[in-house]
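This report concerns only the one structure given below.
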Amino acid sequence: MSFEALGLREELTLAVATQGYSVATDIQREAIPLVLAQHDLLAIAQTGTGKTAAFTLPLLQRLGAKQSATVQGVRGLIVTPTRELAAQVAASVEIFSTQLNIRSCAVFGGVRIEPQLAQLQEGVDVLIATPGRLLDLYEQRAVHFENLEVFVLDEADRMLDLGFIEDVKRIHSLLPVKRQTLMFSATFSKEIKHFAREMLNAPKTIEVTAVNSTVDLVAQTFHPIEQTRKSAALIQLIQQHRWSQTLVFIRTKRTADALVTVLENAGIAAASIHANRTQHARTQALNAFKIGEVKVLVATDIAARGIDISQLPCVINYDLPYVPEDYVHRIGRTGRAGNTGTAISFFSPDETSQLQSLERFLDQHFEVTTLVGFAPKSQVTKSGVATKANTRTNTAEKSTSRNTVNTKRKKGKASAVKLNVYDEDDELYGNFEADTQTSSSRKQHRGGAGGAKRNRRK
């Protein structure tokens, strides 16, 4: 279906066409007419499905039909969990509104607040913000919501995961009762359903992908490797395949920086992005990766939200995530816009529990393939019993092919997935039951709503 058929005005369809898009994605076909009809909306869509355009295009159409911004007169508010995602959404809004009399800007932490204050004083129609910086600006009376018409909560599941629920609830309390609210999430958990009931008024619900499904176009491969040999295996794969870009996910900030040093010593241009790096450094690293100056970008889960590269060939999970949902988000960085992608995961014997949790979460069985020259001295079986490593190995070329992963569905589904909750300060906070634990309990593991997470506002 074309964007014209969805009821979008010519200025917007032309802007979309300049970006090379002529046919709407599933989420866009479902969401845009509902948003234009001014319904509240709960939309479940995975990364890479075109959800940003699904809410920005109808938002701009609604706001573009009226007079432009007055001083401090925000009419459209988009809240995102991370700085990178805020910058990405702001870029889309700017591109799509080139022929409309609409002012927009992004505000987030990690950078000086003064330029953001200056922009707001000039008047902004659409404000894209992270929760912490938005509340800081509100407390300084730099932003007001009396004229707000549309509120968008992007990646609501990540908001909950990162402990921003109390900030979001406070933002919600500051907004006019009469408004349109749009909530987008990659997962459809009980927590999200409860959150939606609090935020939305008689919403329409759409779900364009199977619950917790992985990206169909991504070939997934799993290699057992001793922790101390992961960097050598990574270097071998990068040199062998000569990928133009490789996104490497890693659990901790300290390990990310150490890995960059190892890669650079091997002659591979690399950079890292994580919460301890300044926003300028993070932006600089991402831009260098996009233009090819940096071949490998090493990222933690939190910092990687918002990375949008249309033809990223490969994602490597240097460590398996503690939270299975993060695996879905990780591999969703490749295989976008109809392109095929490759996701390679390393796991050491002590990460077997993460692999088990991932299989239960996705209701899949993954075939494990040993990388030539990197067979671990011992492996832990699915039952948790230590055994000698299988001496049979496949070639590296074979191990990265589409045929190395078995994704046959198991009979029945696990009733609960036990997850390990962690944050970017490299601290493990404990376990919880994914399908029963409330967000308030999750906050307690993280130090509560007023704890470290709140103090480290995005």
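The values are calculated or read from the model by the stated rules, or taken from the named source; none is laboratory data. For clarity, every value in this text was computed on a predicted model and none was experimentally measured. Positions of Cβ are generated from backbone atoms using ideal geometry, with glycine treated the same way; all protein chains shown enter the neighbour counts.
Gly64 satisfies every condition listed in (1) surrounded by fewer than 19 Cβ atoms within 10 Å (Cβ to Cβ); (2) over 30 Å from Gln121 (Cβ atoms) except (2). Within the range 15-33, restricting attention to residues that are of a type in the set (A, V, I, L, M, F, W, C) and surrounded by fewer than 14 Cβ atoms within 10 Å (Cβ to Cβ), which residue is farthest from Leu100 (Cα to Cα)? Selected residue: Val23. Scanning the range 8-55 for residues that are of a type in the set (Ser, Thr, Tyr) and under 15 Å from Thr181 (Cβ atoms) yields a total of 0.
Identification of strands (runs of 3 or more DSSP E) wholly contained in the range 167-277 with 1 or more residues that are closer than 19 Å to Ile331 by Cβ yields 180-185, 218-224, 246-249, 270-273. In the range 134-156, of all residues being buried (at least 21 other Cβ atoms within 10 Å of the Cβ) and either at positive phi or not aliphatic (A, V, I, L, M) (or both), the one that is modelled with the lowest pLDDT corresponds to Glu155. Cβ-Cβ distances below 8 Å connect the following pairs, each with a first residue in the range 221-239 that is in contact (Cβ under 8 Å) with a residue 12 or more places away in the chain, a second residue that is of a type in the set (Asp, Glu) and assigned to a helix (DSSP H, G or I), and a separation of six or more residues or different chains: Gln227/Asp350. For the range 243-286, the set of residues classified as over 24 Å from Pro81 (Cβ atoms), at pLDDT 90 or above and out of contact with any Asp or Glu (no Cβ under 9 Å at 6 or more places or on another chain) consists of Thr246, Ala258, Leu259, Val260, Thr261, Val262, Leu263, Glu264, Asn265, Ala266, Gly267, Ile268, listed by residue number. Taking the conditions exactly as written (under 30 Å from Glu325 (Cα atoms), part of a helix (DSSP H, G or I) and of a type in the set (Gly, Ala, Ser)), does Ala106 satisfy them or not? No: the conditions fail for Ala106.
Scanning the range 42-79 for residues that are at pLDDT below 95 and hydroxyl-bearing (Ser, Thr, Tyr) yields Thr47, Thr49, Thr52, Ser68, Thr70.
Does the range 332-341 contain at least one residue that is at pLDDT below 85, among the basic types (Lys, Arg) and closer than 21 Å to Ser92 by Cα? First the steps, then the outcome.
Our first condition is that a residue be at pLDDT below 85; within the range 332-341, this holds for 332-341.
Narrowing further to those that are among the basic types (Lys, Arg): 333, 336.
Add one more test, that the residue is closer than 21 Å to Ser92 by Cα, and what stays is 333, 336.
Scanning the range 332-341, I find at least one residue that is at pLDDT below 85, among the basic types (Lys, Arg) and closer than 21 Å to Ser92 by Cα, so the answer is yes.
Here is the figure for the range 138-166: residues that are within 17 Å of His329 (Cα to Cα) and not in a loop (DSSP other than H, G, I, E, B) total 6.
I'd like to check something: does the range 154-169 contain any residue that is of a type in the set (D, E, K, R) and more than 24 Å from the chain's Cα centre (by Cα)? No, the range 154-169 contains no residue that is of a type in the set (D, E, K, R) and more than 24 Å from the chain's Cα centre (by Cα). Check whether at least one residue in the range 307-318 is in the same structural domain as Leu237 (by TED's automatic domain parsing), on the phi > 0 side of the Ramachandran plot, part of a loop (DSSP other than H, G, I, E, B) and modelled with pLDDT of 50 or more, and report yes or no. No: zero hits. Contact map, the range 185-209: residues that are modelled with pLDDT under 90 paired with residues that are among the aromatic types (Phe, Trp, Tyr) and in a loop (DSSP other than H, G, I, E, B), Cβ distance under 7 Å, separation 6+ or inter-chain. Pairs shown: Glu207/Phe188.
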